[in-house]
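Participant: One structure coming up, written as structure tokens, with questions to follow.
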Amino acid sequence: MSLTRGRLRAWREAGARTVARPFFALLVLLARALPRPVLRHLSAACSSAVYWLFPGVRAGILSNALHILGPGSSRRERSRFARKVLRSFAAFLADLVSPPRKLPAGALLPETSGKEHFHRAAERARGIIAVTLHMGNYEVAGMELASFKGNTAVVYNRERVRFLERLRSRRRREKLLDEIVIEESPFFAVAVLARLREGGIVLLAADQVDSREGDRFPFLHGEAIFSLWPARLSLASGAPLLPAFNTLDAAGRYRLSLEEPLFPEEFAGPREMMARLVAVLAGQVAKHGDQWLMIRSFWT
């Protein structure tokens, strides 16, 4: 990558980090006063403003749209797709910040498909590594998995908007979902392994690769970097990888979809295992790319 392109990419990512999050986080201040439908409409308006006012954010999402839709897509198609991504991001935040008492009964309870895959993964009694993407309402995915079995923890980096982070942590605790923070200790993997050896579940996002080394893999229309850490964790613990995705269906309800588990003994090494997982991730992004809350340029 040339120096100019490197600076351009850094500019795009800086815009996504420093502008979009605080802009959307303003919804938190209004959540206590506004009904959820009004908050959702307001969040959609905010997402349109972000798209047009902040070129760094727009450029990053359009770059992703090109790799998802393919080089044959038109600029208009990619623009429409990018605006849908921002609306999905805003809807996720509206759901996150709305007080539970304002939500209709069961509004965030997903319908689950693929429970048989969960039971198959749980048969080994070696724990489960649930792997997801920042897609749909991924927070509900962890909460739903915690309701299946308990002893569930999410492995994550803290949100930079502090009051949003506090709100998210409180919602997790209410649903008995524990937290293992990556950046708080270089030994976070010890806590993850301990959880798996207890037969618990850990949930991690495969698209969270900023602070770890990764390898390049074919990913839709291009190559992207993914960490080998989920596969290495599986090989070290004996726990299978269980792909889990929570997306919005045509009826406007969240649906948790569990895919076939990947067992470590079936693979020669971490790269082979990760390649299989990346293929599963690509299938989800191809189907639900406008719900993938990736607002920085992801492809290499």
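The values are calculated or read from the model by the stated rules, or taken from the named source; none is laboratory data. Just so it is clear, the model here is predicted, and its values are computed rather than measured. For neighbour counting, all protein chains shown are included, and Cβ atoms are generated from backbone atoms with ideal geometry for every residue, glycine included.
Participant: Please work out which one of (1) buried (at least 22 other Cβ atoms within 10 Å of the Cβ); (2) at pLDDT below 95; (3) assigned to a strand (DSSP E or B) is the condition PRO243 fails and give its number.
Facilitator: Evaluating PRO243 over (1) buried (at least 22 other Cβ atoms within 10 Å of the Cβ); (2) at pLDDT below 95; (3) assigned to a strand (DSSP E or B) leaves (2) as the failure.
Participant: Let me ask something else about it. Considering only region 247-279, state which residues are polar (S, T, N, Q) and either without any contact (Cβ under 8 Å) to a residue 24 or more places away in the chain or under 24 Å from ARG126 (Cβ atoms) (or both). Even if it seems obvious, please write down each step before you answer.
Facilitator: Going through region 247-279, the residues polar (S, T, N, Q) turn out to be 247, 257.
Hit for region 247-279 is SER257, nothing else.
Participant: For the subset of region 94-113 comprising residues that are touching a strand residue (DSSP E or B) at 6+ places or on another chain (Cβ under 9 Å) and buried (at least 18 other Cβ atoms within 10 Å of the Cβ), which member is modelled with the lowest pLDDT? Before you say what the answer is, go through the steps one by one.
Facilitator: Of all residues in region 94-113, those touching a strand residue (DSSP E or B) at 6+ places or on another chain (Cβ under 9 Å) come to 95, 107-113.
Then drop every residue that is not buried (at least 18 other Cβ atoms within 10 Å of the Cβ), which leaves 95, 108, 110, 112.
Values: ASP95: 77, LEU108: 46, PRO110: 56, THR112: 81.
Among residues in region 94-113 that are touching a strand residue (DSSP E or B) at 6+ places or on another chain (Cβ under 9 Å) and buried (at least 18 other Cβ atoms within 10 Å of the Cβ), the one modelled with the lowest pLDDT is LEU108.
Participant: Further, regarding this structure: Can you list residue pairs whose Cβ atoms sit under 6 Å apart, with the first residue in region 94-122 being aliphatic (A, V, I, L, M) and the second being part of a loop (DSSP other than H, G, I, E, B) and at pLDDT 50 or above? Count only pairs 6 or more apart in sequence or on different chains.
Facilitator: ALA121/PRO240; ALA121/PRO261
Participant: Is it the case that some residue within region 225-237 is touching a Pro at 6+ places or on another chain (Cβ under 9 Å) and assigned to a loop (DSSP other than H, G, I, E, B)?
Facilitator: The answer is yes, given that some residue of region 225-237 is touching a Pro at 6+ places or on another chain (Cβ under 9 Å) and assigned to a loop (DSSP other than H, G, I, E, B).
Participant: Output the qualifying pairs, or none if there are none: Cβ atoms under 6 angstrom, residues six or more apart or on different chains, first residue in region 139-153 and in the same structural domain as ARG170 (by TED's automatic domain parsing), second residue among the small types (Gly, Ala, Ser) and surrounded by 21 or more Cβ atoms within 10 Å (Cβ to Cβ).
Facilitator: Taking only residues 6 or more apart or on different chains, the pairs are ALA141/ALA244; LEU145/ALA130; THR152/ALA146.
Participant: Which residue is nearest to SER88 (Cα to Cα), if the candidates are limited to region 257-297 and must be basic (Lys, Arg) and assigned by TED's automatic domain parsing to the domain that holds PHE118? Explain how you work it out, then say what you get.
Facilitator: Within region 257-297, the first condition is being basic (Lys, Arg), and the residues that meet it are 271, 276, 287, 296.
From what is left, the residues that are assigned by TED's automatic domain parsing to the domain that holds PHE118 are 271, 276, 287.
Details: ARG271: 32, ARG276: 27, LYS287: 14 Å.
Taking the candidates together, the pick is LYS287.
Participant: Then there is this: Just give me the residues in region 114-136 being touching a Gly at 6+ places or on another chain (Cβ under 6 Å) and either outside the structural domain of GLU259 (by TED's automatic domain parsing) or surrounded by fewer than 18 Cβ atoms within 10 Å (Cβ to Cβ) (or both), in sequence order. Steps first, please.
Facilitator: In the first step, residues of region 114-136 are kept if they are touching a Gly at 6+ places or on another chain (Cβ under 6 Å); the result is 125-127.
Within region 114-136, ALA125 is the sole residue that qualifies.
Participant: Looking at region 162-221, which of the residues that are in a loop (DSSP other than H, G, I, E, B), touching a residue at least 60 places away in the same chain (Cβ under 8 Å) and more than 19 Å from the chain's Cα centre (by Cα) is nearest to LEU66 (Cα to Cα)?
Facilitator: Among those that are in a loop (DSSP other than H, G, I, E, B), touching a residue at least 60 places away in the same chain (Cβ under 8 Å) and more than 19 Å from the chain's Cα centre (by Cα), it is HIS221.
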